[in-house]
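Trainee: Input: one structure, supplied below.
The values are calculated or read from the model by the stated rules, or taken from the named source; none is laboratory data. Note that the structure is predicted; figures quoted are calculated from it, not measured. Ideal geometry is used to build each Cβ from the backbone, glycine not excepted, and the neighbour counts take in all protein chains shown. Just the protein is used for accessible areas: all its heavy atoms, side chains included, with ligands, DNA and RNA removed. Shrake-Rupley method; radii C 1.70, N 1.55, O 1.52, S 1.80 Å.
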Amino acid sequence: IAETIITNIGLVAGVFFYKVATGFLVFASLAALGFFYPLSPRNDTIIGYSTVWLAITFWSLFPARKIGLDDETSFLKKTFPFALTQGLLSASAAILVYLFNVVVLHTPHANSLVVLVFMALGYWFVFLSPLAYGVEITHRKTLIGMGIFFIVGLIFVFSNPGLAEFFDLYRPGWLALFGSVGIICLFAWLEYVVTIKFFYKNSPSKILGK
C-alpha cells in the first residue's frame with residue numbers, strides 16, 4: 001500500500017511540475033517578445049480542471065501500480081526531467097498558437113485558444129505520464145472517457161454566454177480554431193514520440209493496460 005501511495009504522489013507531483021514549467025515558459029517567452037501574458041486567473045481555473053484536478057481524481061479513484069520505476073532513482077529524477085521536457089513542448093505549442101492568432105490572424109481574445117492548448121496538452125501529459133514513470137493504467141477507458149467529458153464540457157462552456165464570461169473565454173473563429181487544433185495535434189504527436197524515444201520504461205501495451 002505504501003508503495004502505491006508513493007507512486008501516485010509522484011504522478012500528481014509530475015503534473016504540478018509540468019503545469020508550473022509550462023506557465024513559466026509561456027510567460028517568459030512572450031515577455032521576451034514584448035507580449036503580455038494572455039491568461040487570466042479565471043482561465044487558469046478551468047485549465048486546472050484538465051490537469052491537476054484530473055490527475056488527483058483519476059489516480060485517487062484508480063491508483064496506479066508501479067511496474068518499472070527504479071527504486072534507486074531519486075524522486076526528482078523520476079518526475080522532473082519528463083515534466084520539464086513536456087512542459088517545454090506544450091509551452092512551444094501555446095506560444096505558436098498565440099502568435100498565429102495575434103500576429104497572423106489578428107484574432108481578438110486569443111487567450112481562449114491558449115486555454116485550449118493548456119487543457120488539451122495538460123490532459124495529454126496525464127495520459128502519457130505512465131509511459132515515462134513506469135506505472136500501469138488499470139482503467140484506460142475511464143481516462144479516455146474523462147477526456148471526452150472535458151471536450152463536451154468545454155464546448156458547453158463556449159456555447160453558454162454566462163459560463164464563457166465567468167471563465168473569461170470567447171468563442172474563436174473557425175480559421176483560428178482549426179489552425180490552433182492543428183498545432184495542438186502536431187505537438188501532441190511530438191510529445192508522444194519524445195516520451196516513447198527517451199522516457200518510457202516498459203512496453204507501451206503493458207503500461208497502457210491493453
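Trainee: Being farther than 30 Å from Pro81 by Cβ, free of Cβ contacts under 8 Å to residues at least 24 places away in the same chain and under 18 Å from the mean Cα position of the chain (by Cα) is the requirement here; does Phe156 meet it? Break it down into steps so the answer makes sense when it comes.
Mentor: Values: farther than 30 Å from Pro81 by Cβ: yes; free of Cβ contacts under 8 Å to residues at least 24 places away in the same chain: yes; under 18 Å from the mean Cα position of the chain (by Cα): no.
No, not satisfied.
Trainee: Hey, another quick one. Select from segment 54-110 the residues that are in contact with a Leu (Cβ under 7 Å, 6 or more places away or on another chain), at pLDDT 80 or above, aliphatic (A, V, I, L, M) and more than 19 Å from Pro172 (Cβ to Cβ) and list them in ascending order.
Mentor: Result: Ala55, Leu88, Leu89, Ala91.
Trainee: Kindly establish whether Ile9 is assigned to a helix (DSSP H, G or I) and in contact (Cβ under 8 Å) with a residue 24 or more places away in the chain.
Mentor: So Ile9 fails the test.
Trainee: Further, regarding this structure: Suppose we filter Ile183, Ile196 for residues that are surrounded by 13 or more Cβ atoms within 10 Å (Cβ to Cβ), in a helix (DSSP H, G or I), modelled with pLDDT of 95 or more and of a type in the set (Val, Ile, Thr); which single one remains?
Mentor: Only one candidate qualifies: Ile183.
Trainee: If you don't mind, another one. In this structure, does Leu99 turn out to be in a helix (DSSP H, G or I) and open to solvent by 30 Å² or more (accessible area, probe 1.4 Å)?
Mentor: Taking the combined requirement at face value, the residue satisfies it.
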